[in-house]
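Single-structure report; data block below.
The numbers here are math on the coordinates, done by the rules we state, and not lab data. All of these numbers come straight from a predicted model, not from anything done at the bench. Here the Cβ positions follow ideal geometry from the backbone for every residue, glycine too, while neighbour counts run over all protein chains shown.
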Amino acid sequence: MSLPEVLPRVSRTVDTEWADQVRALAERRNAVVLAHNYQLPEIQDVAHHVGDSLALSRIAAESEADTIVFCGVHFMAETAKILAPDKTVLIPDARAGCSLADSITADELRAWKAEHPGAVVVSYVNTTAAVKAETDICCTSSNAVEVVESIPADREVLFLPDQFLGAHVRRITGRENMHVWAGECHVHAGINGTELTAQVQADPDAELFVHPECGCATSALYLAGTGIVPEDRVKILSTGGMLDAARSVGARSVLVATEVGMLYQLRRAAPEVDFRAVNDRASCRFMKMITPAKLLRALHDGVDEVHVDPELGARARAAVQRMIEIGRPGGGE
Ligand code: SF4
C-alpha cells in the first residue's frame, strides 16, 4: 500500500476504511496506538488505549509491541520513551508542543537551582525530558500534595512549572518555603473564575469537575468554602480521575473545567449525565495537530520518531520512578 493511495481517502472522509487501514498498518509494524483524552474523537476511537499521560506511558512500558505511536503532545511521547527506552516511539507530528512544558527550560531550572542550593525540585509531568533530568521528584496533579509533604519541612522546595497547581499545593500544605515557577498552560489559564461563577449560578445543582491547572481552581475552592456550591460537589481531579468520578456522579449535570476534548470520554462513560464545558473555547491547538492523516503517515512511514539521550533519560526516569512510589500518582494531565 503506498501512501498516496491512502491519504486522499482520509481527506474526504474519516470512516471505517481509514480505521481499518490504521489497524492493519499498526499490526504490520507490531505497534500499539495510544491516544490522550484531549485528542480528536476519531483518534480516540481508533486507538488501542485512551487515557491520561502517565497511564498511557505505563501502558507503553508494559506493552509487548515494538513500536508505540503516541497521539498526544511531545513531552508525553518523551515520557513514554523515558519509561520504555528500548521501544521505538513515534508521534504523528513532532511539532505538537505544550505551552506549559515550554514555560521552563533546563537552563532556566539550573539557574533557579543555583539560587536555592539544597532545595528539592518537584516537577509536574508536563515538562521536557531535559527538565525532568534536573528534577528530584516528578508529580502528577493527583499526588502533588503528597510529594511535597514527603519532603522534610526544613528543606526548600522548588515547584514547577504550573503556578495554579503550585498555588493549590501551597494552600493545602501551608508550606511557606515552597517557591513556585510562574508557568501556565494557555488553555487552562483561559478557564477563569468569572465564567465558572456565572455557570454555577445558572445551574446551582451541578457538580464541578476542575483540573488543578485551571485558572478557576481557586474560584472553585472559594465557591465551596463560601457554601455557594456544597463542598462535596467540587472535585479537583486529573483527567483520569474525572473519568473515574463520572461513573459515580450523583447530579444530573456536571460543569467541566479542562480542555474540551475531555467531554468526549466523559459523555461515553456516563451518557445519562449532562457534561458541559465551563469554557467551550478551551481547546488545545497542539493536541489537535494530531490528525487522522498524520496518524496514518506515522504508521506508514515510521515518523516522527522521538529520541531521548540515554544518560539524560536515566536521570529523568529516576525522578518519574520516585513519583510513582509516592501516594496515588493517578495519571497527570
Ligand atoms: S492543554 Fe495546555 S498543558 Fe495540556 S497539552 Fe495543551 S498546552 Fe499543554
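Provide, as a two-decimal number, the C-alpha radius of gyration of region 1-149 over 2.2 N^0.38 Å, N being how many residues it has.
That ratio works out to 1.22.
Mind telling me which of Val273, Val187, Val147 comes out most flexible in a GNM of the chain, alpha-carbon contacts under 10 Å?
Greatest mean-square fluctuation among the candidates belongs to Val273.
Any chance you could list the semi-axes, whole Å, largest first, of the equivalent ellipsoid that the Cα gyration tensor gives for the chain, using √(5λ)?
One finds semi-axes of 32, 27, 15 Å for the chain.
Only helical DSSP H runs with n ≥ 4 go in: add -39500 (n - 2.57) per run for the chain, normalise by residue count and round the 222 nm mean residue ellipticity to 500 deg cm²/dmol.
Result for the chain, helices only: -12500 deg cm²/dmol.
Counting other Cβ atoms within 10 Å, keep those with at most 14, restrict to DSSP loop, and tell me which GluC sites (Glu not before Pro) in region 21-64 are left.
Answer in residue order: Glu64.
What distance in nm lies between label points placed 7 Å from Cα along the C-beta direction at Asn192 and Arg247?
Roughly 3.8 nm, to one decimal.
For the pair Asp107/Glu176, report the inter-label distance in nm, with labels modelled 7 Å from Cα in the Cβ direction.
In this crude spin-label approximation the distance works out to 3.6 nm.
Counting other C-beta atoms within 10 Å, and keeping those with at most 12, which DSSP coil trypsin sites (Lys or Arg not before Pro) do you find in region 202-311?
Those satisfying the criteria are Arg247, Arg252, Arg281, Arg285.
Quote to one decimal, in nm, the extra length available between Arg285 and Asp86 on full extension: 0.36 nm per residue of separation minus the C-alpha distance between them.
Extra length available between Arg285 and Asp86 comes to 68.6 nm.
Note down the relative contact order for region 220-333 as a percent, whole number, built from C-alpha pairs under 8 angstrom at least six residues apart.
27
Using Cα-Cα distances under 8 Å and only pairs 6 or more residues apart, what relative contact order does the chain have, in percent?
24
Round to the nearest 0.05 the FRET efficiency obtained for Arg155 and Arg328 when R0 = 25 Å and r is the Cβ-Cβ distance.
That pair, Arg155 with Arg328, gives E of 0.60.
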